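Enquirer: Structure provided below as structure tokens; questions to follow.
Bear in mind these aren't lab numbers, they're just calculated from the coordinates by the rules spelled out. None of these values were measured; they are calculated from a predicted model. Quick reminder, even Gly has a Cβ in these numbers, built from the backbone with ideal geometry, and neighbours come from all protein chains shown.
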Amino acid sequence: MLVSMKLFRLVPVLIVAALFAVKPALAAAQAPSAVYAQQEGFVDAHGVLIYYVEFGKGSPLVVLHGGPGATHDYFLPSLLPLARTHRLIFIDERGSGRSERLEDTSRYTVEAMVEDVEDVRQALGLGKIALLGHSCGGVLAQAYALKYQQNLSHLILNSTFPSTQQMNEVLAREKAAMPPAKLARMNELEKAGLFGKGEPWERGRYPDEYEKLAWGTGYFPFLYGARPDANYDPAQGNAPSNWELYRAMWGEHGEFVIDGNLKSVEYVDRLPILHVPTLVLVGDHDECDPSLSRTMHEKIAGSKLVILPNAGHMNFVDQPVLWQKAVEGFLGTVSEVSR
């Protein structure tokens with residue numbers, strides 16, 4: 001009996017001690033984690049394996065790269081701050097980066113890539129997504145929105161174009177702005193057929209001289225503004241990881257004319273059907289001229305247009321603070337309104 005009474009008196013003490021022990025554990029479990037775990041894998045998109053990588057916390061934000069044929073890598077580390085407020089999902093589009101390459105290059109189309117994005121959304125169980133497309137990725141984002149806008153909470157069109165015809169006019173002006181001697185040499189190389197025209201390219205890429213002229217001289221003024229990378233190599237950055245894909249989509253008759261599969265991109269007259277909250281974002285001397293962004297803004301009712309000062313095509317590198325403020329402000333404000 002005495003032993004039982006002693007045990008009875010100890011029970012409250014043990015309970016209180018247990019509660020004090022559990023409380024710190026509960027507090028630790030409830031505290032926000034400082035760890036952003038990364039997950040990667042492949043989605044079988046109707047027979048094409050699409051690579052994805054995701055990390056971050058919050059509602060899903062799918063990011064589409066340009067090129068065509070680049071990889072998601074050029075967004076990093078610039079877009080990392082978005083992981084604090086969004087579950088970021090980067091994909092390598094079909095034929096690009098770590099995704100499966102196709103023998104039949106006619107299957108490298110915007111229309112096919114739209115279905116790849118939708119397959120990734122479904123496979124990962126993302127529900128409604130915010131979709132950000134940069135450069136040719138912005139073309140893909142528009143095409144996705146035109147078919148699947150019911151699956152979107154937000155649309156961000158960053159440094160892109162709604163019409164290949166209009167983009168070709170911009171490219172012609174940018175080419176004409178090159179120094180006369182270099183422009184003349186570029187024209188000579190193009191006339192000589194150094195773009196392959198159906199024949200294999202040297203090392204699968206442009207001859208070095210043409211590449212330096214096109215990317216190093218022709219495009220460079222439209223790529224960066226405020227913060228050019230001192231180590232920038234015109235052959236890197238968002239350059240294609242798959243030149244066969246690039247040839248199929250962009251074309252074979254020069255860096256400053258699009259005459260490949262991207263010829264199907266003529267969305268201007270269709271954009272008014274979009275009713276997704278949309279941010280149109282561009283640099284003030286972007287390779288995709290701001291006039292193209294103004295067209296998209298005018299056609300998409302209720303859209304917001306932001307032109308970043310002293311910024312080129314890689315404006316998230318040029319003006320990271322302003323870029324982040326524009327994107328996060330847009331997503332946050334619209335999210336509150338949509339609730």
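Enquirer: When you count, for each residue, the other Cβ atoms within 10 Å and take the mean per peptide, how do 80-87, 169-176, 244-251 rank with the highest first?
Expert: Packing order, densest peptide first, comes out as 244-251, 80-87, 169-176.
Enquirer: Using only the Cα atoms of region 45-177, what are the Rg and Dmax in Å?
Expert: In Å, with Rg to one decimal and Dmax whole: 14.8, 47.
Enquirer: Another question about this same structure. What order do you get for S163, S106 when you list them from fewest to most C-beta neighbours inside 10 Å?
Expert: Final ranking by Cβ density, sparse to dense: S106, S163.
Enquirer: On to the next question. Short version: ³J(HN,Hα) in whole Hz for each residue of region 92-107, in order, from phi by Karplus 6.51 cos²θ - 1.76 cosθ + 1.60 (θ = phi - 60°), x for Gly and Pro, what are they?
Expert: Result, ordered by residue: 9, 5, 3, x, 10, x, 8, 6, 5, 9, 10, 6, 8, 5, 5, 8 Hz.
Enquirer: Give the percent of DSSP beta bridges with both residues in region 34-339 that are antiparallel, rounded to the nearest 5.
Expert: 35
Enquirer: Just round it to a whole percent: the fraction of Cα-Cα distances in region 34-339 exceeding 36 Å.
Expert: Summing the P(r) tail past 36 Å for region 34-339 gives 12 percent.
Enquirer: Most exposed first by the Cβ proxy, i.e. fewest other Cβ within 10 Å, how do D104, D116 rank?
Expert: D104, D116
Enquirer: For L79, enumerate residues with amide H under 5 Å from its amide H, sequence gap 5+ or separate chain, H modeled in the peptide plane.
Expert: none
Enquirer: Which pairs break 31 Å Cα to Cα here: K182/K263; K263/K304; K57/K263; K212/K304; K182/K325; K182/K304?
Expert: As for pairs spanning more than 31 Å Cα to Cα, those are K57/K263; K212/K304; K182/K325; K182/K304.
Enquirer: Using +1 at the Cβ of each Lys and Arg and -1 at the Cβ of each Asp and Glu in region 34-339, identify which of A181, P162, P272 lies farthest towards the dipole's positive end.
Expert: P272
Enquirer: How many angstrom lie between the C-alpha centres of region 278-294 and region 97-164?
Expert: Taking the Cα centre of each part, region 278-294 and region 97-164 sit 19 Å apart.
Enquirer: To make sure I understand, if each residue's beta carbon is the centre and we count other beta carbons within 10 Å, what order do H313, H134 fall in, fewest to most?
Expert: H313, H134
Enquirer: Quick one: dipole size for region 34-339, taken about the Cα centre, charges +1 on Lys/Arg Cβ and -1 on Asp/Glu Cβ, in debye to the nearest 20.
Expert: 800
Enquirer: Using each residue's phi in region 155-167, evaluate 6.51 cos²θ - 1.76 cosθ + 1.60 at θ = phi - 60° and report the 3J(HN,Hα) Karplus result to the nearest Hz, with x for Gly and Pro.
Expert: Rounded to whole hertz, the list is 9, 10, 10, 10, 6, 9, 9, x, 8, 5, 4, 5, 5.
Enquirer: Quick check: pseudo-label points 7 Å beyond the Cα along Cα→Cβ at K182 and E169, how many nm apart are they?
Expert: 2.6
Enquirer: For a quick check: with amide H placed at 1.01 Å from N, whose amide H comes under 5 Å from G56's, ignoring anything fewer than 5 positions away on the same chain?
Expert: A37, L88
Enquirer: Among F55, T85, G69, whose Cα sits farthest toward the positive end of the charge dipole of region 54-102 (+1 at Cβ of Lys/Arg, -1 at Cβ of Asp/Glu, about the Cα centre)?
Expert: Toward the positive end, the furthest listed residue is T85.
Enquirer: Here's another thing I want to ask about it. Between E328 and D104, what length comes free when the chain is fully extended (0.36 nm per residue of separation minus the Cα-Cα distance, one decimal in nm)? Let's see the in-between values first.
Expert: Working: separation 224, 0.36 × 224 = 80.64 nm, distance 3.95 nm.
Fully extending the segment from E328 to D104 adds 76.7 nm.
Enquirer: So what are the ³J(HN,Hα) numbers for region 208-222, from phi and the Karplus equation (6.51, -1.76, 1.60; θ = phi - 60°), rounded to whole Hz, Gly and Pro as x?
Expert: Those phi angles translate into 4, 5, 5, 4, 5, 5, 5, 7, x, 10, x, 8, 3, x, 9 Hz.
Enquirer: Shifting gears a bit: Taking amide H positions as placed in the peptide plane 1.01 Å from N, state which residues far from I156 in sequence (5 or more) or on other chains have amide H under 5 Å from it.
Expert: For I156, whose amide H was placed from the backbone, the distant partners under 5 Å are L131, L132, G133, L279.
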